[in-house]
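Here's the structure, in structure tokens; my notes come after.
The values are calculated or read from the model by the stated rules, or taken from the named source; none is laboratory data. Computed from a prediction, not measured in an experiment: that's the story for all the values here. A quick note on method: Cβ atoms are made from the backbone with ideal geometry, for glycine too, and the neighbour counts reach across all protein chains shown.
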Amino acid sequence: MNARRLAHLLGNWRRHGSRHGAVDLAAGLRLLILDGRVPAGTALPPERELAAALDVSRTMIATAWERLKADGLVVSRRGAGSWTAIPAAGGGGEPEADQENIDLARAVPPAIAGIAAATEAAVPRLAAELCSHGYYEQGMPDLRARLADRYTARGLSTTPEQILVTNGAHIALAIALRLFTGPGDRVLIEQPTYPNAIDAIRGAHTIPVPVAMTEVGGWDFDGIEATLRQAAPRLAYLIVDFQNPTGARLDEAGRRALGAMFRRARTPVVVDETSVDLDFTDEPVAPFGAFGDVVLAAGSAGKSYWGGLRLGWVRAPAEIISRLTVARRGLDLGSPVFEQLVLSELLEHPREPLLDRRRMLVERRDALAGLLREHCPDWTFDVPGGGLSLWCRLPAPVSTRIAATALNFGVRVAPGSFFTPHGGLERYLRVPYTQPVDVLTEAVRRLAAAAASVAESRAPMAENGSIPVT
């Protein structure tokens, strides 16, 4: 990297006047390295050239370099120059090398109690299936019947013909996009929303049209109605039960109002129900499908039971299910039989394990809220009545900086910009409470350290990194 480029990236790096120039310069470059703007292994320009570009003394450059060498962020060798590095062991407040990384980007809990027992119970049933070809395009009849019964119990009368079993809720959205949209069509979404849904929409060569969530109430009914009228989207994607990432839940009156809007606009709606089982309130709300015409409810075993059980489903009118079944052939030819047998066993006795899961998540949610109030007192958030994460509002637009820096403190976390198709939301950070309390305690300590490190410097904003998010 040449001196002019590095000077540009450093920007207005001075904070404390000329007497502390070396400290400020070291802090500026430190954040650039931790942010990833200057990747590890980048050759630094000669001290003389950088001194000229920054209009400072060569001594100041050398002093700043020595501070960074002490932290393991700059390495030098006589005759070879200096280059950036990420320290292998803790230094300057970073975690020890033997401490494993903590993943807060994937908001998924571990397997529910009973997975092993359900797997064992499914083995004898598998033997009976081995004489068949094993393809169930719409899903195994027994599983579809049990899923239909769940919707009926929630207040939406459903038959097995109205259920399509898929390989996760995500593929359900992909099939719906294949059926209802074409290249260049618009798809209405909430902002923020699930990042992988944004990727699926773009992957179908369609255009996500976001409607911003409100601070109070969550859904902007006027904005949604205006978007339906002006943008004429061919499909909508909503998360009305413990919305990812905000945790908001749409009440029955809101579902009725939105259902009427989509009915008038004749716009099909994919409703992501992956968190519907994670309700801590014991105040169930009827499914969105009870209030609309063409509503495709996409459910999943991933958040309720286990992410490794790669099964989902769609509940929709029977005519739509038939069309979805045909449309899926371009993506896959059905879901694995054994996993369907396991899920069917889990659904036979669903209540107690799910109650245990909810109690566990409530404990972790409350612990995380307390930890953030203690270690990050200037972060604010609402405590949701369900779901898997807190949507934290930061005191400054530094979400991406914190996420990039946190990687070097041993924590992966998703910044607000991941949850929007066009960037922004830099004042927000999603923090899941799916890890054990002791892990959350260490994770928040590291997050607080990363946030403090960012606050020490005012380096330019980092670009989004590649962090898998669920």
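Just to check your reading of the model, which residue among TRP306, TRP313 is surrounded by fewer than 23 Cβ atoms within 10 Å (Cβ to Cβ) and either of a type in the set (Phe, Trp, Tyr) or touching an Asp or Glu at 6+ places or on another chain (Cβ under 6 Å) (or both)? Lay out the reasoning, then the answer.
Working: TRP313 fails: surrounded by fewer than 23 Cβ atoms within 10 Å (Cβ to Cβ).
Unique residue meeting the criteria: TRP306.
When ARG359 is evaluated against the numbered criteria (1) buried (at least 16 other Cβ atoms within 10 Å of the Cβ); (2) within 24 Å of the chain's Cα centre (by Cα), which criterion, by number, is the only one it fails?
(1)
Restrict the check to the stretch 293-316 and report whether at least one residue is in the same structural domain as THR214 (by TED's automatic domain parsing), more than 21 Å from ALA111 (Cα to Cα) and part of a helix (DSSP H, G or I). Can you show your working first?
Kept after step one, since they are in the same structural domain as THR214 (by TED's automatic domain parsing), are these residues of the stretch 293-316: 293-316.
With more than 21 Å from ALA111 (Cα to Cα) added as a condition, the list becomes 293-297, 314-316.
Those still in the list that are part of a helix (DSSP H, G or I) too: none.
Looking for residues that are in the same structural domain as THR214 (by TED's automatic domain parsing), more than 21 Å from ALA111 (Cα to Cα) and part of a helix (DSSP H, G or I), one finds none in the stretch 293-316, hence no.
What pairs can you find where one residue is in the stretch 323-342 and on the phi > 0 side of the Ramachandran plot, the other is of a type outside the set (A, V, I, L, M, F, W, C) and surrounded by fewer than 19 Cβ atoms within 10 Å (Cβ to Cβ), and their Cβ atoms are less than 7 Å apart, with a gap of 6+ or different chains?
GLY334/TYR135; GLY334/GLU137
Count, please, the residues in the stretch 270-324 that happen to be of a type in the set (Lys, Arg) and touching a strand residue (DSSP E or B) at 6+ places or on another chain (Cβ under 8 Å). Talk me through it step by step, then tell me what you get.
First pass over the stretch 270-324, keeping only residues of a type in the set (Lys, Arg): 303, 310, 315, 323.
After this cut, where a residue has to be touching a strand residue (DSSP E or B) at 6+ places or on another chain (Cβ under 8 Å) as well, the list is 315.
Result for the stretch 270-324: 1.
If a residue has to be within 24 Å of PHE291 (Cβ to Cβ) and either in contact with a strand residue (DSSP E or B) (Cβ under 6 Å, 6 or more places away or on another chain) or not β-branched (Val, Ile, Thr) (or both) to count, how many in the stretch 186-208 make the cut? So that I can check it myself, show each step before the final result.
At the first step, the residues of the stretch 186-208 found to be within 24 Å of PHE291 (Cβ to Cβ) are 186-194, 197, 201, 208.
Those still in the list that are either in contact with a strand residue (DSSP E or B) (Cβ under 6 Å, 6 or more places away or on another chain) or not β-branched (Val, Ile, Thr) (or both) too: 186-192, 194, 197, 201, 208.
Within the stretch 186-208, residues that are within 24 Å of PHE291 (Cβ to Cβ) and either in contact with a strand residue (DSSP E or B) (Cβ under 6 Å, 6 or more places away or on another chain) or not β-branched (Val, Ile, Thr) (or both) number 11.
Within the stretch 154-161, can one find any residue that is crowded, with 16+ Cβ neighbours inside 10 Å, assigned by TED's automatic domain parsing to the domain that holds VAL326 and either among the hydroxyl-bearing types (Ser, Thr, Tyr) or without any contact (Cβ under 8 Å) to a residue 12 or more places away in the chain (or both)? Steps first, answer last, please.
Applying the first criterion (crowded, with 16+ Cβ neighbours inside 10 Å) to the stretch 154-161 yields 154, 156, 158, 160.
The next check asks that each one be assigned by TED's automatic domain parsing to the domain that holds VAL326; those that pass are 154, 156, 158, 160.
Add one more test, that the residue is either among the hydroxyl-bearing types (Ser, Thr, Tyr) or without any contact (Cβ under 8 Å) to a residue 12 or more places away in the chain (or both), and what stays is 158.
Yes, some residue in the stretch 154-161 is crowded, with 16+ Cβ neighbours inside 10 Å, assigned by TED's automatic domain parsing to the domain that holds VAL326 and either among the hydroxyl-bearing types (Ser, Thr, Tyr) or without any contact (Cβ under 8 Å) to a residue 12 or more places away in the chain (or both).
Among the residues of the stretch 277-295, write down those that are of a type in the set (Val, Ile, Thr) and either at pLDDT below 95 or surrounded by fewer than 24 Cβ atoms within 10 Å (Cβ to Cβ) (or both).
At the first step, the residues of the stretch 277-295 found to be of a type in the set (Val, Ile, Thr) are 281, 285, 294-295.
Within the stretch 277-295, THR281, VAL285, VAL294 meet the criteria.
Does ASP378 satisfy being free of Cβ contacts under 8 Å to residues at least 40 places away in the same chain and either part of a loop (DSSP other than H, G, I, E, B) or surrounded by 21 or more Cβ atoms within 10 Å (Cβ to Cβ) (or both)?
yes
Would you say LEU250 is part of a loop (DSSP other than H, G, I, E, B), more than 20 Å from MET360 (Cα to Cα), in contact (Cβ under 8 Å) with a residue 12 or more places away in the chain and not acidic (Asp, Glu)?
Details: part of a loop (DSSP other than H, G, I, E, B): yes; more than 20 Å from MET360 (Cα to Cα): yes; in contact (Cβ under 8 Å) with a residue 12 or more places away in the chain: yes; not acidic (Asp, Glu): yes.
Taking the combined requirement at face value, the residue satisfies it.
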